[in-house]
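Reviewing the structure listed below.
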Amino acid sequence: MSENAPSITELAQRQRETAEKLQALTARLITAVSRRKTPNPAIDAPGPDLYLKTAAAWWSNVLSNPTRAMEKQAEFWQESMKAYADALHTKQDGETDSSSDKRFAGEDWAANPWFNYLMRQYQVTSGAIRDAVEHLDTLPDKEKRRLRYFSDQIVNLMAPNNFLGSNPEALRRALETEGASLLQGLENLVSDLEANDGDLLVKLVDDGAFEVGGNLATSPGKVVLRTKMMELIQYAPATDEVHEIPLLIFPPWINKFYILDMKPQNSMIRWLTDQGFTVFVASWVNPDAEYADVGLEDYIKDGYLSAIETVKKISKQDKINVVGYCIAGTTLAMTLSYLKKKGDASVNSATFFTALTDFSEQGEFTPFLQDDFIDGIEIEVKRHGLLPARVMSRTMSFLRSNDLVYGPAIRSYMMGQTPPAFDLLFWNGDSTNLPGKMTMQYLRGLCQRNEFAEGRFELMGETLNVEDVEIPLMAVTAQTDHIAAWKDCYRGVRKMSSENKTFIVSESGHIAGIVNPPSKKKYGHYTNTNLQADADTWLEAADFHEGSWWPRWKDWLAERSGGMVPGRVPGKDGGKDLGAAPGTYVKVKAR
């Protein structure tokens, strides 16, 4: 026996400690699961209508072309036998046929014949499922999109790396740690269940590494207005002189504003103040059940209109420049329509970041915008008075389930790893509830019925229309955005009546395409002044520019921001001082 080998007494002590930990974790697990509220099946799966339509389409295909059905069956078995033979071939000659799928990038998936076979057979089966969906020719396009999404979720769930017995990396780690990784994984699982009242939401980030107002959202400023809907923050000038006309930014209220003020080196707010702009930002309230009857009209009255008037007063300007990001951009367009109806010319120019105004094409959100799911959301908001943040977070995560659900679950629960200290994931997890009334207005009136783009959205005693947007505008979109597809944003911008439009497509997605500081020298962008053609033609004829679009926007804003005046100090010059930035609303966690 090695001198360093543990004694029998030490081994017995370890076993007792492990058993005690396991017993305690099991008790916590049972308690956590028992706290789970009655689930709402309507937001967990499609309604029976999709199953019936799918079955009917499948039988129609089989009866109309039985030969093709038999050929597909034979093809599946041939591919399955080939997968088995190729796995044996790997064992015989040491060939390492690695997969391009990063889930199977580990050495054992290529070198071990058993795991290699599991990988190959999974690829054959998942390919057959996807092929079967694509060949349901009689299924309407919208239903096929939904079926494609839900079948992909099943395919992703059933990947062999998602199960301990067929994940070589997790098994290897369990052996190397003498089971400690599995015990820690169970601890991580129980902690996630406890944090979410029995619902399983994988923790993506070490949230103890970040503090809003500590090492995130640190740009200096003051809260100068507080309403029931938002705190308005005025940021301190970084230059002796600033542009005369200030800039007011409305971030989305689905997440928190500090995506625009993370670390100093990638903070859009700091960059704008460095360029000599007076910057105001709305920090939206994180609603609770008392906000059940709050609608889009409240966001406009106690958010947009209140902020616009306050910024005009503080800056002593008749007009200001305004930005709207995502849903706040959609609502900015509605606010501009409302202001036109009232003859109010307070907004000098508008910038839209990844903002949808025409919802005629629902893109990747098609599965969630049909009546069965929206009916389920309506049940949820009636039950809680709001749409809980966890529902929106889960929906967004399953659009990228391998990266945001299964991958993190494997690392946390099977490998026993601590989530990374990643600021963007911290922000992504610091989500917000949505008021019940506003949620249904948005989903029914805008997403489903497309009333704003069709000029019939009734709000605040007016009929709002996207064509009412007539002021100079810039619209910035993101090429790989899966939330607000750039082509859909383009379609809405074309319907706006402004004679002065600038449209930009940035590389990357919904966040990185917007938060793209010039210092990073990372993502480029496309421009084209001709907005008469369709989206594909626009992009084919567009000019590509290396680097961030921010400097281009700065020049565009500067032309519309008047002369230079002495820097404005927050809390002075007619503005209130209601506390230091980032304020109090942003620190309220979703309950």
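What does the C-alpha gyration tensor say about the overall shape of the range 393-531? Classify as rounded when a/c is under 1.5, otherwise prolate if a/b is larger than b/c, or oblate. Because a/c hits 1.5 or more and a/b fails to exceed b/c, the range 393-531 counts as oblate. Annotation: extensible slack from Glu176 through Arg68 equals 33.9 nm (criterion: 0.36 nm per residue apart, minus Cα-Cα distance). Relative contact order of the chain: 18 percent, from C-alpha pairs under 8 Å at least 6 residues apart in sequence. Measuring r between the beta carbons of Ala27 and Gln448 and using R0 = 35 Å, the FRET efficiency lands at 0.15.
Between helix 371-384 and the chain there is an angle of about 70 degrees, using the helix long axis and the longest principal axis of the Cα atoms. Just name one of Ala484, Tyr406, Val294: the one whose Cα is farthest towards the positive end of the charge dipole of the chain (beta-carbon charges, Lys/Arg +1, Asp/Glu -1). In the chain, that residue is Val294. Put simply, the amide H of Thr584, placed in the peptide plane, has no neighbours under 5 Å, leaving out anything fewer than 5 places away on its chain. Which whole-number percent gives the relative contact order of the range 266-416, counting Cα pairs below 8 Å spaced six or more residues apart? Relative contact order, the range 266-416: 21 percent.
Rounded to the nearest 20, the size of the Cβ-charge dipole of the range 322-375 about its Cα centre is 560 debye, with Lys and Arg at +1 and Asp and Glu at -1.
The alpha-carbon of Lys316 sits under 20 angstrom from the alpha-carbons of these lysines, leaving out residues fewer than 8 places away in its chain: Lys222, Lys572, Lys576. With R₀ fixed at 25 Å, the C-beta to C-beta distance from Glu75 to Gln121 puts the FRET efficiency at about 0.95. In this model, which of Lys319/Lys341; Lys228/Lys521; Lys340/Lys437; Lys142/Lys487 are farther than 28 Å apart at the alpha-carbon? Violating the 28 Å limit, Cα to Cα: Lys228/Lys521. In degrees, nearest 10, range 0 to 90: what is the angle between the Cα axis of helix 113-134 and the longest Cα principal axis of the chain? In the chain, helix 113-134 runs at an angle near 50 degrees to the longest axis.
Comparing Phe359, Ile254, Ala74 along the charge dipole axis of the chain, the residue lying farthest to the positive side is Ile254, per the Cβ-charge model.
Taking 0.36 nm per residue of separation and subtracting the Cα-Cα distance, full extension of the segment from Lys37 to Ser498 would add 161.0 nm.
Distance between the C-alpha centres of the range 126-150 and the range 559-582: 55 Å, rounded to the whole angstrom.
I'd like the distance between the alpha-carbon centres of the range 294-311 and the range 498-520, rounded to an integer number of Å. Measuring centre to centre over Cα atoms gives 26 Å.
In straight-distance terms, cross-link reach from Lys21 covers every one of the lysines whose alpha-carbon lies under 28 Å from its own, apart from those fewer than eight places away in the same chain; here that gives Lys37, Lys203. If only the Cβ of Lys and Arg carry +1 and only the Cβ of Asp and Glu carry -1, the dipole of the chain around its Cα centre is close to 1140 debye. From helices alone, the chain scores -13000 deg cm²/dmol at 222 nm; the rule is -39500 (n - 2.57) for each run of n ≥ 4 DSSP H residues, then divide by the residue total. Straight Cα distances below 26 angstrom link Lys82 to the lysines Lys72, Lys91, Lys102, with same-chain residues fewer than 8 positions distant left out. Each label point was placed 7 Å from the Cα along the Cα-to-Cβ direction; for Ala345 and Glu470 their separation is 1.0 nm.
Here the relative contact order of the range 108-188, from alpha carbon pairs under 8 Å that lie six or more residues apart, stands at 26 percent. Let me make sure I get this right: for the chain, a, b and c are the square roots of the gyration tensor eigenvalues over alpha carbons, sorted descending. Under 1.5 in a/c it's rounded, otherwise prolate if a/b > b/c, else oblate. Which is it? Prolate.
Of all DSSP-defined beta bridges confined to the chain, some 50% are antiparallel rather than parallel. Rounded to the nearest 20 debye, the dipole magnitude of the range 431-502 is 280 debye, with +1 charges on Lys and Arg beta carbons, -1 on Asp and Glu beta carbons, and the Cα centre as origin. In this simple spin-label model, placing a label point 7 Å from the Cα along the Cα-to-Cβ direction at both Asn215 and Ala19 gives a separation of 4.2 nm.
Computed extension length for Asp577-Gln153: 147.7 nm, one decimal, from 0.36 nm per residue of separation with the Cα-Cα distance subtracted. Could you tell me whether the range 1-55 comes out rounded, prolate or oblate from its Cα gyration tensor? Rule is a ≥ b ≥ c as square roots of the eigenvalues, rounded for a/c under 1.5, then prolate if a/b exceeds b/c, otherwise oblate. The shape class here is oblate.
Computed from the coordinates by the stated procedures, all read-outs in this text should not be read as laboratory data. Only a predicted model underlies this, so the values are computations on that prediction, with no experimental measurement involved. Because the Cβ atoms are built from the backbone with ideal geometry, glycine has one as well, and the counts that use them run over all protein chains shown.
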